[in-house]
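Trainee: Dropping a structure here in structure tokens format, bear with me for questions.
The values are calculated or read from the model by the stated rules, or taken from the named source; none is laboratory data. Note that the structure is a prediction, hence the values are computed from the model and not measured. Neighbour counts run over all protein chains shown; Cβ positions are idealised from the backbone, glycine included.
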Amino acid sequence: MNEQDAWISWEESGTAHRARWRSESQAMPGTLLPVDDTLTANAAFKLVCECSGLLWRGDFHNGRQLLQALARRVDKPPRVQTARKSAAAPAPADAAALARDAFARHRAAQARRAALLGRVLLQVEPDHSIALRRAPDVRAAVDEAWGAPDGTPAIASLRELQGLVGAHEWRKKGVEVPALKGRIHPHFGVFSPVRGEYLDLIAQAPLPRDATSLAFDIGTGTGVIAALLARRGVRQVIATDLDPRAIACATENLARLGVGGQVRIVQADMFPEGRAPLVACNPPWVPATPNAAIERAVYDPGSAMLRAFLAGLAAHLAPGGEGWLVMSDLAEHLGLRTRDEMLRWIADAGLRVVARHDTRPTHPKAGDPADPLFAARSREVTSLWRLGAA
């Protein structure tokens, strides 16, 4: 069911109420309880663990403090198991199984955290305002994410509304991309190019023969790769994406960067029609199930987009052309995909590796021993695979 078609009902002060349920990822609670500043954090934690939604009616800033208090309870480390219980647990058979187990536990903890904290809810008025004491003006942020007000009230999680506000600020300020010597302004729901190392690879790799005439950018997102190729002198870039938000975002960014005349954006699943001397793609890097819509840019169940790109690439390469595939090997260190599988998919698609350019990630988690996935992140390599027809 489309989340805009979902409605949630509750009773308050003896009166029945109904509003739209608005969420990109949160399941609608079965029970909605109006609560205010008299609710303690311990009582709130018990209620959200019982799957109740808490419709906050108190002071807005007190609601944020309640959310922070719940986060501390959710993040509290579990009690250490006794030696006898630990000994009874089956040990992973090898390093790959150990990595997969750590990743599975990390994702389960993330999902539980998001579900519990997402049960603190606010009512958004028909004009997209929040009618609570000391509430900020979120109307512009909500309009960008949801579209123009439709005249009905809505219920949304406080965390998601905070995310809308954060996305609104990112959209206004933009993200500096050194390889572009400019800024990319991500829209809500479109993944931001925060991993600059792969953009440096695209900016520096030698262009294949005739690539200045035409290139395809598959899954353009914010349009950052299309913009880079245009800045490198490619006269026409055809950029594809299925997501209307991404298409709007890329269109705005390309115009802002002054390369809109060189890039044509097409709503398509994967490839446009025809062949090109250069076909670039930065698919999601981790073959796992996303917990939220925005995570589809990171998690690709079964490596579906990666495999579809490889399977269709040869049919869309001009003679002597190259496919540029941007991939991290994090999935290999997490035990989710092997290098042999990757090479087999390349060979099965009638492709060969022309060259590979590697770099190390520079984001903070790669050097943080406290990160649950540090063992994998510390060994991660990001690569630009240059592929040609076999």
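Trainee: Just give me the residues in the range 19-40 being modelled with pLDDT under 95 and not in a loop (DSSP other than H, G, I, E, B), in sequence order.
Mentor: Within the range 19-40, T31 is the sole residue that qualifies.
Trainee: Let me ask something else about it. Taking the stated definitions as given, is A227 small (G, A, S), under 23 Å from T362 (Cβ atoms) and over 19 Å from the mean Cα position of the chain (by Cα)?
Mentor: It is true that A227 is small (G, A, S), under 23 Å from T362 (Cβ atoms) and over 19 Å from the mean Cα position of the chain (by Cα).
Trainee: Given the criteria surrounded by fewer than 16 Cβ atoms within 10 Å (Cβ to Cβ), in a helix (DSSP H, G or I), out of contact with any Phe, Trp or Tyr (no Cβ under 6 Å at 6 or more places or on another chain) and without any contact (Cβ under 8 Å) to a residue 24 or more places away in the chain, does A43 qualify?
Mentor: Criteria met by A43.
Trainee: Can you find even one residue in the range 142-150 that is touching a residue at least 40 places away in the same chain (Cβ under 8 Å) and either β-branched (V, I, T) or under 30 Å from F374 (Cβ atoms) (or both)?
Mentor: No, the range 142-150 contains no residue that is touching a residue at least 40 places away in the same chain (Cβ under 8 Å) and either β-branched (V, I, T) or under 30 Å from F374 (Cβ atoms) (or both).
Trainee: Next question, about the same structure. Would a scan of the range 140-148 turn up a residue that is out of contact with any Ser or Thr (no Cβ under 7 Å at 6 or more places or on another chain) and part of a loop (DSSP other than H, G, I, E, B)?
Mentor: Checking the range 140-148: at least one residue is out of contact with any Ser or Thr (no Cβ under 7 Å at 6 or more places or on another chain) and part of a loop (DSSP other than H, G, I, E, B).
Trainee: Related question: Test of understanding: among H357, H333, which residue is at pLDDT 95 or above, in the same structural domain as L229 (by TED's automatic domain parsing) and more than 22 Å from G274 (Cα to Cα)? Can you show your working first?
Mentor: Details: H333 fails: at pLDDT 95 or above.
H357 is the lone residue from the list that is at pLDDT 95 or above, in the same structural domain as L229 (by TED's automatic domain parsing) and more than 22 Å from G274 (Cα to Cα).
Trainee: Test of understanding: among L164, L201, L121, L158, which residue is closer than 23 Å to T222 by Cβ and in contact with a strand residue (DSSP E or B) (Cβ under 7 Å, 6 or more places away or on another chain)? Full working, then the answer.
Mentor: Details: L164 fails: in contact with a strand residue (DSSP E or B) (Cβ under 7 Å, 6 or more places away or on another chain); L121 fails: closer than 23 Å to T222 by Cβ; L158 fails: closer than 23 Å to T222 by Cβ.
L201 is the lone residue from the list that is closer than 23 Å to T222 by Cβ and in contact with a strand residue (DSSP E or B) (Cβ under 7 Å, 6 or more places away or on another chain).
Trainee: Now for a different question. For residues in the range 345-382 being more than 23 Å from D101 (Cβ to Cβ) and among the β-branched types (V, I, T), which is surrounded by the fewest Cβ atoms within 10 Å (Cβ to Cβ)?
Mentor: Only one residue fits best here, namely T362.
Trainee: If I ask for residues that are surrounded by fewer than 21 Cβ atoms within 10 Å (Cβ to Cβ), within 19 Å of A246 (Cβ to Cβ) and among the β-branched types (V, I, T), which ones from the range 135-191 would you list?
Mentor: Once the filter is applied, which keeps residues that are surrounded by fewer than 21 Cβ atoms within 10 Å (Cβ to Cβ), within 19 Å of A246 (Cβ to Cβ) and among the β-branched types (V, I, T), the range 135-191 yields only V175.
Trainee: Got a sec? Which of A250, A276 is more than 18 Å from the chain's Cα centre (by Cα) and crowded, with 22+ Cβ neighbours inside 10 Å?
Mentor: Just a single option satisfies the conditions, and that option is A276.
Trainee: Being farther than 27 Å from G233 by Cα and assigned to a helix (DSSP H, G or I) narrows it down to one residue among G189, G166; which is it?
Mentor: None of the other options fit; the residue is G166.
Trainee: Based on what the data block shows, is V224 on the phi < 0 side of the Ramachandran plot and touching a residue at least 40 places away in the same chain (Cβ under 8 Å)?
Mentor: Considered against the rule, which asks whether it is on the phi < 0 side of the Ramachandran plot and touching a residue at least 40 places away in the same chain (Cβ under 8 Å), V224 comes out as yes.
Trainee: Hey, can you tell me all the residues within the range 1-40 that are among the aliphatic types (A, V, I, L, M) and without any contact (Cβ under 8 Å) to a residue 40 or more places away in the chain? Don't jump to the end; show me each part of the working.
Mentor: Here is the first cut: in the range 1-40, the ones among the aliphatic types (A, V, I, L, M) are 1, 6, 8, 16, 19, 27-28, 32-33, 35, 39.
If the condition is that a residue be among the aliphatic types (A, V, I, L, M) and without any contact (Cβ under 8 Å) to a residue 40 or more places away in the chain, then M1, A6, A16, M28, L33, V35, L39 are the ones that fit.
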